[in-house]
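Remarks on the structure that follows.
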């Protein structure tokens, strides 16, 4: 069992409303994809100003489904061997569907926002002009450089897929993250901005992509697309798909959480700003993740230490005193075993972050100042 910390990195902030939503599902007797999922899809799409929302059982599944759909679009579908530009920092399942579908990866290094750098992050990539897909990912609630990477994809005639699993509610000049791509993916995992235990979503304005995602989610068959006229069409398989259907209770909880999302984001930004200001005031020798975009949506407060040795000492000191901390976003892709085939693509900024950085909790409510003061005292002693 994982260690329980007095100040964790994951906060649900559930109330009686989430529990009532689960009771509503239990009373209905319908536990798999049904009215709650349909309702949440409509509400989530409307909140982002998007046409289609397709809910799945996790953010990882959302990435898998979106990539799979791009291999079935009628106009210029992806093929095995095509190149995809990816950020040097992202979660494992940002990369997994790309590799599993046989795409070659071009790894773009980070800048101090911890997102794929613009513009130099692209121009050190040999063969970037041939990329058929650009994958963007906003790290830990900090918006990526959407304009640059979106324009690069457009100039290449490439598809732009936005993995927004870590940044629900963040925005750039009034436009929400997770609305810039041909398809955009989200996660409702326990530790994220919408804490529904599990669940994920794909948003798109493209009718064909939405139809493909719905079929591939449901075993590759057409049953979820609308009215069925013939008995035989109840099992009409068009593609080799998956079973990525979501559960009703996850959707019901997410609907409650969505209504409070703006309040959660406001509290998290206040917590992060307080911690940054206090650390700067007392001269703590760390480097914070540089803000980008207009509104951040942090579920953690991210920073780098001077070196790996000091990061290690701080991790031990924090955890010994009840404060959890984590490697940011899984760290640098090429520093992991699964990233070894791409290690020749140098990503020094992402590697430095991997070796020296961490994040601590940033809860969606007020009242964390005592913990932050405790953390600062520990940092003064260790660093």
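Every read-out reported here was derived from the displayed coordinates using simple, explicitly stated rules and does not represent laboratory data. Predicted model only: the values in this text are computed from it and were never measured. Cβ placement follows ideal geometry from the backbone for every residue including glycine, while neighbour counts extend to all protein chains displayed.
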Problem set entry | residue 270 versus residue 76: modelled label distance in nm, points set 7 Å from Cα along the beta carbon direction | 4.8
Exercise. If one computes the Cα centroid of the stretch 200-247 and of the stretch 360-374, what distance in Å separates the two points?
Worked result: 43
Seminar exercise, completed: Nearest-0.05 FRET efficiency for residue 208 and residue 309 at R0 = 35 Å, using Cβ-Cβ distance, is 0.10
Exercise. Which angle between 0 and 90 degrees, to the nearest 10, do you get for helix 59-70 versus the longest principal axis of the chain when only C-alpha atoms count?
Worked result: 50
For this session: Could you check which residue among 88, 259, 62 shows the biggest mean-square fluctuation in a GNM of the chain with a 10 Å Cα cutoff?
Result: 259
For this session: Label the stretch 84-145 by shape, choosing from rounded, prolate and oblate, from the square roots a ≥ b ≥ c of the eigenvalues of the Cα gyration tensor; if a/c is under 1.5 it is rounded, and otherwise prolate applies when a/b is larger than b/c, oblate when it is not.
Result: oblate
Exercise. Pick from 77, 87, 363: which residue has the top mean-square fluctuation in a GNM of the chain where Cα pairs under 10 Å get a spring?
Worked result: 77
Exercise. Which residue, 199, 29, 169, tops the fluctuation ranking in a GNM of the chain built on C-alpha contacts under 10 Å?
Worked result: 29
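If you rank 75, 321 by fewest surrounding Cβ atoms within 10 Å, what's the result? Please report the intermediate quantities before stating the final value.
Working: 75 5, 321 14.
So the ranking, lowest neighbour count to highest, is 75, 321.
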For this session: Starting from the Cα-Cα distance between residue 321 and residue 92, subtract it from 0.36 nm times their residue separation and give me the gain in nm to one decimal.
Result: 79.5 nm
Problem set entry | Cβ-Cβ FRET estimate between residue 130 and residue 223, R0 fixed at 41 Å, reported to 0.05 | 0.60
Seminar exercise, completed: Taking a ≥ b ≥ c as the square roots of the Cα gyration tensor eigenvalues, with a/c under 1.5 meaning rounded and otherwise prolate when a/b beats b/c or oblate if not, the stretch 16-259 comes out oblate
Exercise. Counting pairs of alpha carbon atoms under 8 Å apart in space and at least six apart in sequence, what relative contact order in percent does the stretch 114-212 give?
Worked result: 20
Exercise. Can you give me the relative contact order of the chain as a percent, contacts being Cα pairs under 8 Å and 6 or more apart?
Worked result: 23
Exercise. For the Cα atoms of the chain, what angle does the longest principal axis make with the long axis of helix 369-382, in degrees from 0 to 90, nearest 10?
Worked result: 60
Exercise. What FRET efficiency, computed as 1/(1 + (r/R0)^6) with R0 = 25 Å and r the Cβ-Cβ distance, is obtained for residue 232 and residue 30, rounded to the nearest 0.05?
Worked result: 0.45
Exercise. Where does helix 308-320 land angle-wise versus the long Cα axis of the chain, in degrees 0 to 90, nearest 10?
Worked result: 90
Seminar exercise, completed: Length-normalised contact order of the stretch 261-382, Cα under 8 Å, at least 6 apart, in percent, tallies to 38
For this session: Multiply the residue gap between residue 240 and residue 155 by 0.36 nm, knock off their C-alpha separation, and tell me the result in nm, one decimal place.
Result: 27.4 nm
Seminar exercise, completed: When 256, 382 are arranged by how many other beta-carbons sit within 10 Å of their Cβ, fewest first, they go 382, 256
Seminar exercise, completed: Note: residue 100 to residue 374 extended length (0.36 nm per residue) minus current alpha-carbon separation gives 94.2 nm
